[in-house]
Amino acid sequence: MYTQQAKPKEHQSQSCADAVAQKMSVREKGIELVDNRGKSIVQNKLKEHPNKTTLVNPVTQLMFKGFKASIFGNEVPEGVEEYKVLGGGYGVGYKKSNQTVYLYGSNGIIAHVNIQTHGEDSNISLHTGTDSGTEGGQGHMTAMFPVALKVVARYFGDYPGIDMAPALGAATKGLISQLARLRQQVEPPTPRKRFGDSRMFMASRFISLSDELRERRKRKEESGKKQRPEAQEWDAETMMETAHELNALREMEAANPLGIDIVGLNGKFNERLVGKNSPYLNGGAFAWHESSTKQGQGMLQLKIPMEAVKLFAKSV
């Protein structure tokens, strides 16, 4: 889950997470991890164009240290071996030395995803945190999670799968939002089950409902009719969007399972929301949402098999 580390920096706020998410949505159509090797060619180009921060479209991966320095700030992040550029001064890099994916801004590290192993026969764990003294945001997860999937598929593909327990609020929302849309893009190799097409149609409808609720909420926030919730606050209206996305995931897994398992938790609730034998509309995500609203908190525990991780990694 998101944890804060005491490294305060000026001008860091929740707006950073929004900026990252905006850059992702505008610029990213696909993700490719690039080895950080060779810089002489780029250094020559930088001498020819000293005032340019990038000489290629950000969708094209910047493949050399010279470019990376201009994107990540004046200093190349030490030990970063693979990375991608988001544009607008943001980038995501992976350090093999400590098995961590980092989100970088112009002032340094903003947030991270640490990959922890627990033995060859156990799932690996993904733990997220912030490094700028601010709370984790949805934009942080939006930026880091696709890269983390790529890294896990490439370097940890022999493990059974991954476990995650994101913090409540924005981290949970960002993760489920991305996972639902990634799952929508991935068709498992096995045939759909009976009524599979109908279940997939229902999944699309749930995602559309979530989008409609999000747009409605955004308009209220922009007009001042609703105050924007804190990053780790349980906000019933915001998390209803997540409940619809969880229902979409449930329908897709019922149509043609990848083995994704999601359990909803709070002080008085413990129930599978996505996966084998998960309940339908009389329980599940809506029951989790109702109970968590009463409790003022709600969390999720996720398990994703490695074969599903590899399919997701190919789709981003």
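Here, each number is a calculation from the coordinates, and none is a lab measurement. Being a predicted model, the structure only gives us computed values, none of them experimental. All Cβ positions, glycine included, derive from the backbone under ideal geometry; neighbour counts span all protein chains shown.
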Practice task
Order these peptides, 263-269, 91-97, 212-218, by their mean beta-carbon neighbour count within 10 angstrom, highest first.
Solution key: 91-97, 263-269, 212-218
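Can you pick out the pairs among Lys150/Lys276; Lys95/Lys303; Lys96/Lys310; Lys84/Lys193; Lys173/Lys220; Lys95/Lys218 whose Cα atoms lie more than 28 Å from each other? Intermediate results must be reported in sequence, preceding the final value.
Details: Lys150/Lys276 26 Å; Lys95/Lys303 24 Å; Lys96/Lys310 19 Å; Lys84/Lys193 38 Å; Lys173/Lys220 18 Å; Lys95/Lys218 36 Å.
Beyond 28 Å: Lys84/Lys193; Lys95/Lys218.
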Completion exercise
By Cβ neighbour count within 10 Å, fewest first, Val274, Val80, Val113 rank Val80, Val113, Val274
Fill in the blank from the handout: chymotrypsin sites (Phe, Trp or Tyr not before Pro) in region 168-247 lying in a DSSP loop, each with at most 12 other Cβ atoms within 10 Å of its Cβ, come to Phe195
Problem - Ascending count of other beta-carbon atoms within 10 Å, so fewest first, for Asp121, Asp235 - result: Asp121, Asp235
Problem - Cα gyration tensor, region 125-274 - rounded (a/c under 1.5), prolate or oblate - result: oblate
